[in-house]
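What follows is a single structure, written as structure tokens, with notes after it.
The values are calculated or read from the model by the stated rules, or taken from the named source; none is laboratory data. In this text the structure is predicted, and so the values were computed from the model without any measurement. Because the Cβ atoms are built from the backbone with ideal geometry, glycine has one as well, and the counts that use them run over all protein chains shown. We work out accessible area using only protein heavy atoms, side chains counted, and drop any ligands, DNA or RNA first. Shrake-Rupley method; radii C 1.70, N 1.55, O 1.52, S 1.80 Å.
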Amino acid sequence: MPDIPELPYPSEWESDVVLADGGTAHLRPLRRDDADKLLDFFTRLSDRSRMLRFFAPVSPQTARRAARLDEVDYDKTFGIVAELGDDLIAVGTYQRSDAPDGDPTAAEVAFAVSDEHQARGIGSMLLEHLAAVGRTMGLQRFTASTLPENRRMLRVFHEAGWEVDREHVEGVVELSFRIDDDEKTREVLYRREHLAEARSMERLLHPRSVAVIGASREPHSPGHDVLAHLVTGGFTGILHAVNPAASAGEGTGEIAGVPCVARVTDIDEAVDLAIVAVPAAVVDTVIADCGAKGVHGLVILSAAPEGAAAREEFEHRLVEHARRLGMRILGPECLGVVNTDPETSMQATVVPVHPRRGRIGWSSQSGAIGLDLLVRATDAGLGVSTFVSLGDKADVSGNDLLQYWDADPDTDVILLHMESFGNPRKFARIARRVARRKPVVAVKSARSAAGHRGAAVRTTTRDDPDAAVDALFAQSGVVRVDTLEELLFTAAVLEAGALPAGDRVAVLGNAVGPVVLATDACVAAGLVVPEPASAGLHENPAQLPSTVGPEAYEAVLRAAIASPEIDAVLAIVVPLPGRDPEGAALRRVIGSVAGEGGKPVVAAVLGQRALIGHAGAVPTFAFAEHAAVALGRVAAYARWRRRPAGTAPDPTGIDPDAARALVAGCLAEQPAGGLLPPETTATLLATYGIAVDGSGPNHTAAAVSTALHVDADPAFGPLVTFEMGGGHRELMPDASVGIAPFTDVDAHDLVRAPRTSPLMFGYGGAPALATGALEDLVVRVARLADDVPELRELHLDPVIVAPDAVHVTGATATLTPVEHVPTDVRRMRSS
């Protein structure tokens, strides 16, 4: 073996990944002690696969030597292997040329994938990771050689998103392509990520066979209840019960009529999904058995050990074990899952209700809240497509579910209860895409410091800044609600289907007091109750007589729906004691008329015992204020949908490489980081086209003082605060917050959000100021903060906005060293 210098093993490139079929694998750099595993890998490879890889029939020993995989030095030669359990199932490498005149920015790349694991997207995954490694090592281009009949490998290269040059030379296809990390390749990466993660959730939610491990005859035990609910819910697949005691001569060998075996490996048929309800100490053994059986996914109801450290170690161990065996984990400590699709009909939870079929996808991080939501939703007649209890969220997270629901044709509305984000930046990216087509409504708890202390029993719960959460939701189009009631109320309005075309609402009812309260509630919810100008609608709010009959009520309701001045209607019904004590006649009118104009109609029926009911397809509420709040949330979401999606600006005059080099030099001199000298701060800003001008504008010019601040959050990324006033940050007189990176629409919204920002737009006779230049500055600051994560704090204060220009008159910057984790590859969240 050549004398290759020992370089540190690059552990940062280890990761778990989701494959194209929804399964998982572990990727890691090749090690020099992998010789035996490589020989075993090439031995298992078919003769044809070795032929395609080496262009000639070769033995496994020759293949291992020809690949030069034992010469890896993490510089000229870099290899990545995919593992499933203890086996290597794929190998990918790049090798720089040994020739003196070779291009130091180019390397030849090659792959081999086990026959039984081909067509799972492993080759594409290896290429993505090798390209990311290569970019960090100064590579700009890959070359590859393959036989024309190796169509699968040719497709890997041509579908990667790069422009591939192709040439036939003596019966071999020679390929060459740049490995830039650009918008096109990221689109490909995100599309593959979406499809793979959606597929992994589909495997959990649409199983053809389920094994309940820990099935029990003891009533009200998790293993008993889940199995019983699967049976009574009419699960369409094959059920198996697993319990050593129950199958060892005690009873009939059946539980709830389901055949019972001692171990999942004793089942003859394939098992897609395992529901695990066993003590924590046994879960490791169950995972090993499920991996051996080829189970696709695990829903773990088992509670984790007490104590934060023990819980964290338990979860990490389970996730690492399961992923290496190709499985995803839901939980631990979750309630289970529901899928009301008639082709599946799976009620695999401990919750004693069978939700009705509907088009709402639900998830809850809290088991208690999930139970309550399912029961209340069922009582309110809200329909569910799928429900997922996330539990401790050690593996499967809300991001995975968003990927699934986005692609699910049976889901129109998405509801989330969250205590924490697994990966906030990924959530923002996915939610922004999903919310353009389907409403996402979230209630986020642990908002206060005290609330976070209460949620800290979950190791996955982080102290998320509430201002950052608000900004993330606002930029992503997520409808944030404050309570579980509001979650249900908003869901009821969204489930009805129509979104308002604007904020104008008509309020009508047969009692003055409720109509006035409803009108005030609509205004408080951000809606407009306009005075009517058309002849059809005579008054708004419309106060009808308490004894109004169905015909007169219907006439006013039809006029409101037909009015071009109205976008939504809130109809109030006050039942008449003795004549129509439940308001049935007026509710029938509302149910029959609503929907004719394609506008949302909501109703409030005083005296209605249930918080949510229905009049036909119209949601009815016990209180008009609840209807107004829900309608206001829906209108705000519709407003977000109507606005342009925005584009990622590419400002001129920015030099990310120069900024990173400057920061690296500063940290080399001062490894702990700290406050930069003023002249260094000015130089750093200049790399992004930002000039620091201490003199400011002419003192006679009309101008407004503002400020921009950046604070880097470890999870959310750079938080950008725009402040009117400037110079007194501790007072935060009037500010708005956004999360980088910004679109042009994000920058536009940020500078207009503060209450006093109209001072800049020429209102009240004041001269219009250079707000376009201010938005450009916001974009540059956000881009700098996103490109240079070591920039811990940046304060531009004050920033003077004048009629002709924007002047940054003061700037300070603080650096902090950060661990660079590769972000330009697909990888699963660390447990």
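Tabulated values for the structure
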read-out	value
Cα-centre dipole for the chain with unit charges at Cβ (Lys and Arg positive, Asp and Glu negative), debye to 20	1820
Positive-end extreme of charge dipole, the chain - chosen from P619, L499, V801 (charges on Cβ)	P619
Dipole of the chain, positive direction: furthest Cα of P678, G214, P577, with charges on the beta-carbon	P577
The chain - percent relative contact order, Cα under 8 Å, separation 6 or more	8
Efficiency of FRET from Cβ geometry, D98 and A308, R₀ 60 Å, rounded to 0.05	0.70
Most to least packed among 78-84, 810-816 [average Cβ atoms within 10 Å]	78-84, 810-816
Options A112, L631, A511, ranked by Cα towards positive dipole end of the chain, top entry (Cβ charges)	A511
Calculated FRET value between A407 and V169, using beta carbons and R₀ = 56 Å, to 0.05	0.85
Two-decimal Rg to Rh for the range 296-424 - Kirkwood Rh, Cα set	0.97
Nearest-10 value in Å² for the accessible area of L318, using the 1.4 Å probe	0
Relative contact order (percent, whole number), the range 605-751, Cα cutoff 8 Å, 6+ residue spacing	17
Rounded accessible area of T344 (nearest 10 Å², 1.4 Å probe)	10
Exposure ranking of L390, L606 by accessible area [1.4 Å probe, largest first]	L606, L390
Reference-scaled alpha-carbon Rg (2.2 N^0.38 Å with N residues) for the range 1-151	0.99
Average projection area in nm² (convex hull over Cα atoms of the range 126-185, one quarter of hull surface)	4.0
Cross-link partners of K438 among lysines (Cα-Cα below 20 Å; sequence separation of 8 or more within a chain)	K426, K599
Dipole magnitude (debye, nearest 20) for the range 481-638, charges at Cβ of Lys, Arg, Asp, Glu	300
Value of [θ]222 nm, deg cm²/dmol, for the chain, DSSP H segments ≥ 4, -39500 (n - 2.57) each, nearest 500	-10500 deg cm²/dmol
Rounded to the nearest 10 Å², the accessible area of D268 at probe 1.4 Å	140
With every protein chain in place, the chain: carbon and sulfur % of accessible area (1.4 Å)	54
Relative contact order (%) - criterion: Cα under 8 Å, at least six apart; region: the range 313-439	27
Net charge dipole size for the range 552-694 [Lys, Arg +1 and Asp, Glu -1 on Cβ; Debye, nearest 20]	960
Heavy-atom SASA rank of K76, K426, K37 (probe 1.4 Å, accessible area, largest first)	K76, K37, K426
Extension gain (nm, one decimal) between V231 and R357, 0.36 nm per residue minus Cα-Cα	43.6 nm
